[in-house]
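This report refers to the structure that appears directly beneath it.
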Amino acid sequence: MSDDSVPAGALRITTCDTEETLAAAGVLFSHYRRHYGQPPDTSERTIGWLTEMAQSNMLMIFTASVESPAGTPPIGLATSHAVPASLVMGRFWQLRDLFVLPGSRRQGAAVALVSAVRDAAQTAGATRLSLVTEPDNEAALSLYRGLGFRPVGGLASLSLDLA
């Protein structure tokens with residue numbers, strides 16, 4: 001849309017599990033990776049990776065599109081996955097990636113995507129939905145807090161590079 005506006009209620013959320021939907025998600029995923037400083041790569045590599053993750057049930061992939069008679073490419077992407085929750089002998093879900101094209105932000109796509117992930121997690125019996133974001137990403141923190149997410153105190157985030 002030329003004016004970057006999304007009419008209220010005009011978003012469609014799609015769970016990506018077909019070749020067509022994963023190809024559309026791949027375009028957004030490439031934008032997302034470039035946004036975080038990763039070099040562009042071939043769409044075949046991106047779509048192959050997303051397809052592998054979706055088919056192995058390692059990631060659930062969702063896109064948000066603006067409803068239109070002609071159909072439009074997606075404007076937003078979210079990925080999530082289930083994680084074993086040992087202490088409660090259940091599982092929780094983690095929201096891994098959330099990205100909305102810059103010209104389509106603050107129009108409801110991010111809220112719709114997080115809501116779709118939350119609903120899928122609840123349907124799957126998850127005990128909670130978690131996420132990690134940079135401490136200086138005020139826009140994301142504001143969005144997540146507005147959706148009910150709360151900081152987790154008393155934990156340290158550690159990583160071991162295996163590459």
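None of the figures in this text is laboratory data; all of them are computed from the coordinates on show. As the structure is a computational prediction, the values presented were derived from the model and not from experiment. Every residue, glycine as well, gets a Cβ built from its backbone with ideal geometry; the counts of neighbours run over all protein chains shown.
The spread of Cα positions in the chain, taken along each principal axis and listed from longest to shortest, comes to 49, 34, 32 Å. A straight line joining the Cα centroids of segment 128-148 and segment 39-100 runs 18 Å. Each residue of segment 152-159 was assigned a 3J(HN,Hα) from its phi angle through the Karplus expression (A = 6.51, B = -1.76, C = 1.60, θ = phi - 60°), giving 9, x, x, 10, 10, 8, 10, 8 Hz with x at Gly and Pro. When only the Cβ of Lys, Arg, Asp and Glu is charged (+1, +1, -1, -1), the dipole of the chain relative to its Cα centre reaches about 520 debye. Highest GNM mean-square fluctuation among 102, 135, 40, for the chain modelled with Cα contacts below 10 Å: 135.
If contacts are Cα pairs under 8 angstrom and at least 6 residues apart, what is the relative contact order of segment 11-146 in percent? Relative CO of segment 11-146 lands at 21 percent. Proximity of backbone amide H atoms, modeled 1.01 Å from N, is registered between residue 90 and 85 at under 5 Å, excluding neighbours fewer than 5 places apart on the same chain.
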